[in-house]
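Just below is one structure, and these are the notes that go with it.
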Amino acid sequence: MMTAGVASKRNKRVLLLEKNKDLGEKLKITGGGRCNITNAEYDTRKLLKYFGKAEQFLFSPFSQFGVKDTFTFFESKKLPLVTEARKRAFPKTQRAMDVFKTMRRFIDTKNITVLTNEPVKKILETDGAIVGIKTKKQTYTAKSYVIATGGVSHPETGSTGDGFKWLQNLGYKIQEPNPSIVPLRSNDKWVKDLSGTSLSFMKITFFVNGKKAFSKKGKLLFTHFGLSGPLILNSASEVADLLHEGGVTAEIDAFPDTDIGALEKRVLKIFDKNKNKDFRNVVGDIAPQGMGNTLIEFHIVPEVITKVHSISKDERKCLVRLMKGFPLSIEGLMGMDRAVVSCGGIQLEDVDTKTMRSKRHNNLFFVGDMLGINRPSGGYSLQLCWTTGHVAGENV
């Protein structure tokens with residue numbers, strides 16, 4: 001939609017082919033229905049650090065249309081944005097549907113024809129040039145062709161990797177798609193018992209074969225299948241690498257900004273104040289919000305002991321150590337159906353990122369998730385779409 005609208009402003013006639021019955025199915029559900037439209041990091045060099053190895057390829061397109069341009073684009077169309085924690089920007093209305101409606105209005109012009117329920121079957125090539133797009137109904141021809149089919153996350157929205165298959169048939173090397181921003185599976189009972197509990201600032205440390213690998217801080221969500229939330233989603237690609245090396249476990253530090261000595265003093269103070277109460281009635285005061293029963297489930301304090309004053313020093317220390325490192329096993333990553341973003345795509349060496357043009361086919365362009373670029377959650381994926389879509393629209 002971004003490419004189509006920008007090209008139309010240049011008086012180009014555009015045909016937009018959509019396999020679904022409506023446009024923007026993934027856009028409508030992004031950000032849990034709120035649409036994390038971009039990340040408000042205005043320093044382009046700092047922003048591109050989050051795109052890993054793609055940083056060097058992206059400086060030119062982001063210099064042409066960056067985060068400030070995204071704010072200007074949407075606000076000029078009467079969709080003001082607000083910036084929340086970790087510089088995540090959302091529409092002020094907090095509705096992804098409003099972002100979709102804005103984009104739909106952007107392409108509501110006589111220069112653009114939208115055909116829905118029109119799945120593409122094949123890209124036609126002759127003598128090193130793209131000469132047509134074949135659908136079930138007919139073959140369409142144009143001067144330029146833009147592949148904007150997205151990756152393979154949320155396949156229920158139509159993102160089933162079609163574009164990758166077409167390009168492989170044309171001889172392009174495609175990095176195999178895998179879920180990269182995706183929840184983690186854990187079968188630990190205590191994790192599943194906390195399903196629906198969200199904790200705002202935790203630290204998780206991952207281990208492979210018992211050896212510490214890496215740590216991250218942030219917000220996490222316990223689910224019926226394991227762990228999700230920004231902290232987990234932004235750890236998934238690294239965890240995927242660890243799973244190839246061996247068994248992966250993790251520890252959750254519920255008080256990352258409090259050292260173990262200070263936490264023990266805090267617990268001791270609460271115990272002294274409530275020494276004649278039942279431990280079950282006090283545990284909620286020492287545990288992270290919603291995790292009181294979890295502390296009990298680990299059976300550090302014997303069931304027969306009910307009064308706080310009966311808890312031994314060693315048992316108290318064990319409780320403190322547990323809160324600094326709740327142990328859990330990681331069984332693996334969830335599948336594409338739960339992935340926010342998948343990695344994989346066309347190798348950037350095959351793309352002139354100044355224009356988003358293929359280096360192999362002069363009249364073929366790639367945008368968004370077609371590109372093999374890893375990035376975290378937090379608005380980076382949609383900004384990549386706005387940027388590459390805009391640049392392609394200026395160059396077709």
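Computed from the coordinates by the stated procedures, all read-outs in this text should not be read as laboratory data. Note that this is a predicted model, so its numbers are computed, not measured. Glycine gets a Cβ as well: all are built from the backbone with ideal geometry, and neighbour counts include every protein chain shown.
Points worth noting:
- Spacing of the modelled spin labels on residue 169 and residue 259, each 7 Å from Cα toward Cβ, amounts to 6.4 nm.
- Taken over the alpha carbons of the chain as equal point scatterers, the Debye sum produces base-10 log I(q)/I(0) values at 0.10, 0.15 Å⁻¹ of -0.72, -1.30.
- For the chain, the 222 nm mean residue ellipticity estimated from helices alone, with every DSSP H stretch of n ≥ 4 adding -39500 (n - 2.57) and the total spread over all residues, rounds to -9000 deg cm²/dmol.
- Likely footprinting exposure, 30, 306, 149, fewest C-beta neighbours within 10 Å first: 306, 30, 149
- The chain, dipole about Cα centre (Lys/Arg Cβ +1, Asp/Glu Cβ -1), debye to the nearest 20: 1040
- The local environment of residue 34, defined by Cβ-Cβ distances under 12 Å, has a net charge of +2 under the rule Lys, Arg +1 and Asp, Glu -1.
- Added length on full extension, which subtracts the Cα-Cα distance from 0.36 nm per residue, residue 241 to residue 269: 5.8 nm
- Computed from the alpha carbon positions, the gyration tensor of segment 193-259 leads to an equivalent ellipsoid with semi-axes of 20, 15, 10 Å, biggest first.
- Between the residues 99, 197, 51, the greatest Cα displacement towards the positive end of the dipole of the chain, with unit charges on the Cβ of Lys, Arg, Asp and Glu, is found for 99.
- Total formal charge among the other residues, if their Cβ is under 10 angstrom from that of residue 92, Lys/Arg +1 and Asp/Glu -1: -1
- Beta-bridge orientation, the chain: approximately 85 percent antiparallel, per DSSP, counting only bridges with both partners inside.
- Which of 50, 380 has the fewest Cβ neighbours within 10 Å, and the rest in rising order: 50, 380
- Amide N proximity, segment 241-279 versus residue 313 label position 7 Å along Cα-to-Cβ, cut-off under 19 Å: 260-273, 275
- One decimal place: the segment residue 362-residue 197 gains 54.3 nm when fully extended, by the rule 0.36 nm per residue minus the C-alpha distance.
- In sequence order, segment 264-272 has phi-based couplings of 5, 5, 4, 5, 4, 5, 5, 5, 4 Hz under the Karplus curve 6.51 cos²θ - 1.76 cosθ + 1.60, θ = phi - 60°, and Gly or Pro positions carry x.
- When the listed pairs 19/134; 212/324; 21/122; 189/277; 143/359 are checked against a 18 Å cut-off, the alpha-carbon distance exceeds it for 21/122; 189/277.
- Under 15 Å from a label point set 7 Å out along the Cα-to-Cβ vector of residue 187, the amide N atoms of segment 213-253 belong to 225-226, 247-249.
- Taken over segment 183-334, the alpha-carbon convex hull comes to 103 cubic angstrom per residue.
- Positive-pole candidate from 322, 292, 213, dipole of the chain, charges at beta carbon: 292
- Extension reserve of the residue 43-residue 105 stretch, reckoned as 0.36 nm per residue once the Cα distance is removed: 19.3 nm
- Taking a straight Cα-Cα cut-off under 17 Å and skipping sequence neighbours fewer than 8 places away in the same chain, the lysines within cross-link reach of residue 78 are 68, 92, 101.
- Once the Kirkwood radius over Cα pairs is known for segment 1-112, the Stokes-Einstein relation at 10 °C and 1.306 mPa s delivers a diffusion coefficient of 104 µm²/s.
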